[in-house]
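Comments concern the structure below.
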Amino acid sequence: MNMKMTWKWRTLHVVYLVLFPAFLTAQKPAVHLSGKITSIENDLLEFATLVLKETGQGTTTDDKGAYGLTATPGKYTLIVRSLGYKTIEMPLALTKTQQLDIVMETETNALDEVFVLGKSPTQQVNESAFNVVAVNAKAFHHSTLDLAHALDRISGARVREAGGVGSNADFSLNGFSGRHVKFFLDGVPMEGFGSAFQINNIPVNLAERIEVYKGVVPVGFGADALGGAVNIVTGQKTRTFVDASYSYGSFNTHKSYVNAGYTADNGFTVQLNVFQNYSDNNYWIYTPVLDLETLVFSSDEKKVRRFHDTYHNETLIAKIGVVGKTFADRLLFGITLGKDRAEIQNSNVQKVVFGEKYRNGQTMMPTLHYVKKNLIIKGLDLSITGNFNFGYSQNVDTASRQYNWYGQYVEKDKKGEANYSIAKYYNNNGSFTANLAYRLDERHSFSFNHVATTFNRTSKNMVAMTGSINATDTFPKITVKNATGLAYKFDYNEHLNISLFAKQYIQYIKGPKNVSTVTNGYKYELFSNTFSTTGYGGAATYLLKALQFKLSYEKTYRLPTANELFGDEDLNKSNAVLRPENSDNFNLNISYNNVFGKRHAVYIDGGFMYRDIQDYIRRVVEDMHHTAAFENNGHVRNIGYNGEVRYSYGKLLTVGANVTYQNLRNKEKYRSPGSTVISTSYNSRIPNVPYLYGNGDFGLSFGRIGRKNNTLNIGYNMLYVYRFPLRWGAHGSYETKDMIPVQLSHDVSLTYVIQDGRFTISAECRNLTDERLYDNFSLQKPGRSFSAKVRYFFSK
């Protein structure tokens with residue numbers, strides 16, 4: 001054998017020695033890893049992700065928390081992640097097919113914003129074109145927060161309250177407030193739920209998570225939203241559990257909550273939610289006081305205590321049905337019952353005070369919820385919801401007295417402190433929603449949605465039809481809205497997906513129209529109108545490792561709500577001739593999310609938005625009678641920015657901050673259509689809207705305090721709002737304007753979690769430095785307050 005041939009054989013021998021072990025390894029039979037992932041509360045965790053670090057192989061859990069993963073035998077590091085839970089990284093020796101059940105701990109350090117990006121169930125967390133922030137509400141089940149105060153900590157969001165517990169609350173998102181942002185409960189519109197079921201009297205424990213859509217709203221909600229949407233997702237897990245809590249706080253505030261469920265092996269299920277709120281709201285404020293003899297207000301502000309502001313509400317939500325059947329994955333029949341009573345302490349201006357005026361209301365709303373996946377064919381999913389509210393509201397104003405802030409009064413000849421009324425208003429309204437989704441294959445999917453809502457107010461007033469409010473009692477007040485949407489989604493690959501959609505809007509309105517030509521005069525005639533139009537848009541996202549880019553555009557319309565059209569029959573007047581708003585919306589968002597080493601995590605997010613709105617609807621307070629009404633403002637443009645930075649160090653520390661700036665300007669150049677006179681408010685900032693605000697927070701979590709499964713959490717939150725004018729910026733000197741002042745408030749909390757959440761004791765202090773806080777002009781919010789809460793949780 002010559003040297004050349006010898007060299008070839010030696011080379012082949014070396015190659016054989018190197019590759020043969022690898023070949024044998026490659027021929028090893030694959031093994032299967034399966035199991036379930038649950039929380040410490042025994043919730044089955046849907047959409048949790050599992051990844052083998054060494055190979056990148058991964059999977060996700062289904063709606064029953066189950067997973068399955070196939071790999072070659074070997075030693076791996078298994079990484080498990082789920083929205084709102086602490087990431088698990090554990091060694092795994094895969095030698096044979098085996099089952100591994102995993103329990104995850106709730107992330108309770110701070111309010112953690114995580115992007116929920118819905119490409120498909122297997123990539124729910126990373127790849128959606130819709131800019132949606134999901135707040136893990138479970139992290140706040142130990143606190144006394146309501147849903148409104150949880151939302152107030154999100155970048156771009158702001159909740160404005162007129163007072164204490166049960167007061168009017170107005171939610172704004174990136175400059176859009178009130179009804180510009182639509183609210184949903186498990187995808188069902190909340191417009192007609194009644195006054196006993198509003199965001200600032202619903203305990204945060206009702207929600208499992210809160211989804212905040214900051215830009216384009218998916219067709220699946222069927223929303224005519226202009227500025228975004230909020231979806232409150234309740235616990236949909238089929239399990240047996242009890243979650244009960246009670247809290248007591250300043251101003252004689254009591255809050256209690258019970259959430260319980262039972263699911264039998266045959267699929268029969270019962271769910272029950274009960275909650276109540278009570279507060280005297282007797283906090284101190286500063287305000288001018290009326291001299292009842294001279295009828296002149298004091299030149300300086302006096303420190304007085306609110307004396308007629310008690311509020312309470314009670315709500316029950318019950319559901320019964322079946323789950324996991326061949327004809328239905330979920331079929332539930334339910335009833336929501338609620339009532340509330342609120343004493344009315346003042347008008348829309350704080351110095352105008354009442355001493356006996358009040359309102360109350362009731363809700364009686366049957367509900368239906370049906371879900372069937374893989375209907376007839378694989379990939380076709382159907383969901384149907386329906387409800388109808390038979391409730392009413394009542395305004396009572398009969399006292400022949402005039403009060404001041406000292407609780408003193410004088411008798412009057414005229415009945416009623418503001419407007420004589422003993423009226424009941426039956427706001428019969430209903431909602432029907434149908435969603436049909438079909439996934440053709442891995443790349444192409446379609447969805448169809450239709451939402452129909454009805455409203456019909458009838459009134460029974462025992463007094464004469466006089467005054468600016470009850471003069472409209474005899475008129476019908478009806479509105480019917482239909483929104484239909486069709487969407488197509490194209491998943492090009494794991495980095496890029498695109499969504500296109502179209503929406504059809506129809507609204508019918510029938511109600512009173514004020515045809516008086518006299519300033520502050522009232523002469524009503526019956527008015528009716530039907531509006532119909534089409535909107536459209538698209539959204540795209542691109543993922544590049546830790547970076548994500550999002551771009552969306554939408555031509556959208558928002559139909560006036562019943563409250564905007566017909567008022568509340570008290571301090572808010574009707575305006576049935578309101579026109580729908582329409583807007584061109586553009587959003588750009590860039591985010592960075594990465595983990596360094598095993599403990600350091602960084603999240604950075606920045607967004608730009610552009611809104612060009614026609615027929616913008618805003619609430620205006622009238623000076624003479626201090627009542628309010630909604631009106632169209634013509635052409636408004638908003639250019640805004642928001643950013644957020646967040647850092648966490650393992651389980652010990654979380655710290656973050658966010659800031660929002662919005663430039664909402666009047667672009668209606670002329671005083672009226674056809675006029676050549678330039679409006680004095682042209683290009684001025686829209687009044688009574690905050691334009692610079694932000695949040696900061698940090699949390700510390702110490703494990704093994706007292707016992708192995710006990711945890712001590714310390715939290716801090718800061719809120720900042722820059723001052724903003726009540727009226728148009730072009731009218732008068734900026735220094736002499738009525739201003740809503742700068743707000744800077746600090747909240748602290750201490751929570752002790754026992755036995756992995758079985759028992760919890762917490763204490764909180766809000767407005768630690770006792771600042772004077774105003775969300776609205778002259779309407780002061782509570783000062784420093786303390787509260788304590790105990791909670792018990794059981795699940796099996």
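The values are calculated or read from the model by the stated rules, or taken from the named source; none is laboratory data. It should be emphasised that the depicted structure is a prediction, and the values quoted were computed from it without experimental measurement. When we count neighbours, we look across all protein chains shown, and the Cβ atoms used for this are built from the backbone with ideal geometry, even at glycine. The area values use the complete protein model at the heavy-atom level, side chains included, leaving out ligands, DNA and RNA. Shrake-Rupley method; radii C 1.70, N 1.55, O 1.52, S 1.80 Å.
Scanning segment 420-464 for residues that are over 30 Å from PRO189 (Cα atoms), open to solvent by less than 30 Å² (accessible area, probe 1.4 Å) and of a type outside the set (Gly, Ala, Ser) returns a single hit, VAL463.
The rows are residues; the columns are (1) modelled with pLDDT under 95; (2) under 22 Å from PHE193 (Cβ atoms); (3) charged (D, E, K, R).
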position: ASP291; (1), (2), (3): yes, no, yes
position: THR294; (1), (2), (3): yes, no, no
position: PHE307; (1), (2), (3): no, no, no
position: THR326; (1), (2), (3): yes, no, no
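Being more than 26 Å from THR253 (Cα to Cα) and either at pLDDT 80 or above or touching a Leu at 6+ places or on another chain (Cβ under 8 Å) (or both) narrows it down to one of PHE171, PHE140, PHE184, PHE193, so name that one. Being more than 26 Å from THR253 (Cα to Cα) and either at pLDDT 80 or above or touching a Leu at 6+ places or on another chain (Cβ under 8 Å) (or both) holds for just one of PHE171, PHE140, PHE184, PHE193, which is PHE184. Looking only at residues that are part of a loop (DSSP other than H, G, I, E, B) and in contact (Cβ under 8 Å) with a residue 12 or more places away in the chain in segment 475-513, which one is surrounded by the most Cβ atoms within 10 Å (Cβ to Cβ)? Looking at the filtered set, the residue picked out is PHE475.
Only a single item in (1) part of a loop (DSSP other than H, G, I, E, B); (2) crowded, with 20+ Cβ neighbours inside 10 Å; (3) at pLDDT below 85 is not met by ASN126, and it is number (2). Taking (1) under 28 Å from GLU494 (Cβ atoms); (2) open to solvent by 30 Å² or more (accessible area, probe 1.4 Å); (3) touching a Phe, Trp or Tyr at 6+ places or on another chain (Cβ under 8 Å) in turn, LEU551 satisfies each apart from (3).
Restricted to strands (runs of 3 or more DSSP E) entirely inside segment 681-796, those with at least 2 residues that are at pLDDT below 90 are 774-776, 785-795. Going through (1) open to solvent by less than 20 Å² (accessible area, probe 1.4 Å); (2) at pLDDT below 75; (3) charged (D, E, K, R) one by one, ASP146 falls short only on (2).
Would you please name the residue that is modelled with the lowest pLDDT, looking only at residues in segment 34-58 that are over 26 Å from the mean Cα position of the chain (by Cα) and open to solvent by 40 Å² or more (accessible area, probe 1.4 Å)? Applying the filter and picking the extreme gives GLY56.
Cβ-Cβ distances below 9 Å connect the following pairs, each with a first residue in segment 441-453 that is hydroxyl-bearing (Ser, Thr, Tyr), a second residue that is assigned to a loop (DSSP other than H, G, I, E, B), and a separation of six or more residues or different chains: SER445/SER120; SER445/GLY379; SER447/PRO218; THR453/GLU191; THR453/GLY192.
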